[in-house]
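Presented below is the structure to which this report refers.
Where a number appears in this text, it was derived from the coordinates with a stated rule and is not lab data. Not measured: the values here are computed from a predicted model. Note that each Cβ is placed from the backbone with ideal geometry, even for glycine, and that neighbours are counted across all protein chains shown.
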Amino acid sequence: MRIRLAAGADLPLLQDIERAAGEPFRALGMAAIADDEPPAVETLEAFRDAGRAWVADDGDGTPVAYLVSAPVDAAEHVEQVSVHPRAARRRVGLALIEHVADLARAAGRQALTLTTFADVPWNAPYYARNGFRVLGEAELTPGLRKIRAHEAELGLDRWPRVAMRRELTPGGSPPRTAP
């Protein structure tokens, strides 16, 4: 797997990855998530233009996963990480997260943050195994409160959601326990 900045030609492929990655939600009774449209190409282009859209490709240049992020308060916020099912269980998503963690650490960010579904096995439990912790309501920064409010407006709170944080230690990433 090679991690690189997304190219303009990748953006429609990222939408395809998002659609494919959403399908497993259907089996959990979350058809609305499976049916949700991926980010618009223009939205993905804005992340790309800002240098905040990365892909993992399969060696021939074809993306199999992507991650977009943005600074939120003193952290780097993972807006979205999606892995095509054909690349699942190969630690591709984690490789993208670690790549962004290294960049964020070098930029002086204190942590990675994200919001996710609390009870979906490949969401909060997965992130917890990889160094993230659930934040209590009192720990939410202003930026995370704004993100959570927007998610609620979109109806994502029909299923339990959490904000999570992983501290970025100066020397590297915390130990991971995921298999």
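Is it the case, given these coordinates, that Arg48 is of a type in the set (D, E, K, R) and surrounded by 17 or more Cβ atoms within 10 Å (Cβ to Cβ)? Taking the combined requirement at face value, the residue satisfies it.
Annotation: Gln80 fulfils all but one of (1) out of contact with any Leu (no Cβ under 9 Å at 6 or more places or on another chain); (2) closer than 18 Å to Gly8 by Cα; (3) of a type outside the set (A, V, I, L, M, F, W, C); the unmet one is (1). Number of residues in the range 36-79 that are of a type in the set (S, T, N, Q) and more than 16 Å from Leu103 (Cβ to Cβ) equals 2.
Reported count of residues in the range 103-118, each being without any contact (Cβ under 8 Å) to a residue 60 or more places away in the chain and in a helix (DSSP H, G or I), is 2.
Please enumerate the residues belonging to the range 81-99 that are assigned to a helix (DSSP H, G or I) and either under 13 Å from Val68 (Cβ atoms) or of a type outside the set (Asp, Glu) (or both). Walk me through how you get there before you give the answer.
Within the range 81-99, the first condition is being assigned to a helix (DSSP H, G or I), and the residues that meet it are 85-87, 92-99.
Within the range 81-99, Pro85, Arg86, Ala87, Val92, Gly93, Leu94, Ala95, Leu96, Ile97, His99 meet the criteria.
Of all the numbered requirements in (1) in contact with an Asp or Glu (Cβ under 8 Å, 6 or more places away or on another chain); (2) loosely packed, with under 12 Cβ neighbours inside 10 Å; (3) within 21 Å of Ala27 (Cβ to Cβ); (4) not basic (Lys, Arg), Pro121 misses one, and that requirement is (1).
Where helices (runs of 4 or more DSSP H) fall entirely within the range 1-80, those with at least 1 residues that are touching a Ser or Thr at 6+ places or on another chain (Cβ under 9 Å) and not charged (D, E, K, R) are at 11-22, 41-49.
The rows are residues; the columns are (1) under 15 Å from Val120 (Cβ atoms); (2) acidic (Asp, Glu); (3) in contact (Cβ under 8 Å) with a residue 60 or more places away in the chain.
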residue	(1), (2), (3)
Ala9	no, no, no
Leu13	no, no, no
Pro24	yes, no, yes
Ala34	yes, no, no
Arg52	no, no, no
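Quick one: is Leu168 closer than 19 Å to Gly51 by Cβ, buried (at least 21 other Cβ atoms within 10 Å of the Cβ) and either over 13 Å from the mean Cα position of the chain (by Cα) or not small (Gly, Ala, Ser) (or both)? Break it down into steps so the answer makes sense when it comes.
Working: closer than 19 Å to Gly51 by Cβ: yes; buried (at least 21 other Cβ atoms within 10 Å of the Cβ): yes; either over 13 Å from the mean Cα position of the chain (by Cα) or not small (Gly, Ala, Ser) (or both): yes.
Criteria met by Leu168.
Exactly one residue out of Ala124, Ala128, Ala138, Ala163 is free of Cβ contacts under 8 Å to residues at least 40 places away in the same chain and under 28 Å from Asp35 (Cα atoms): that is Ala128.
State yes or no: is Thr113 hydroxyl-bearing (Ser, Thr, Tyr) and under 26 Å from Leu13 (Cα atoms)?
On the way: hydroxyl-bearing (Ser, Thr, Tyr): yes; under 26 Å from Leu13 (Cα atoms): yes.
Yes: the conditions hold for Thr113.
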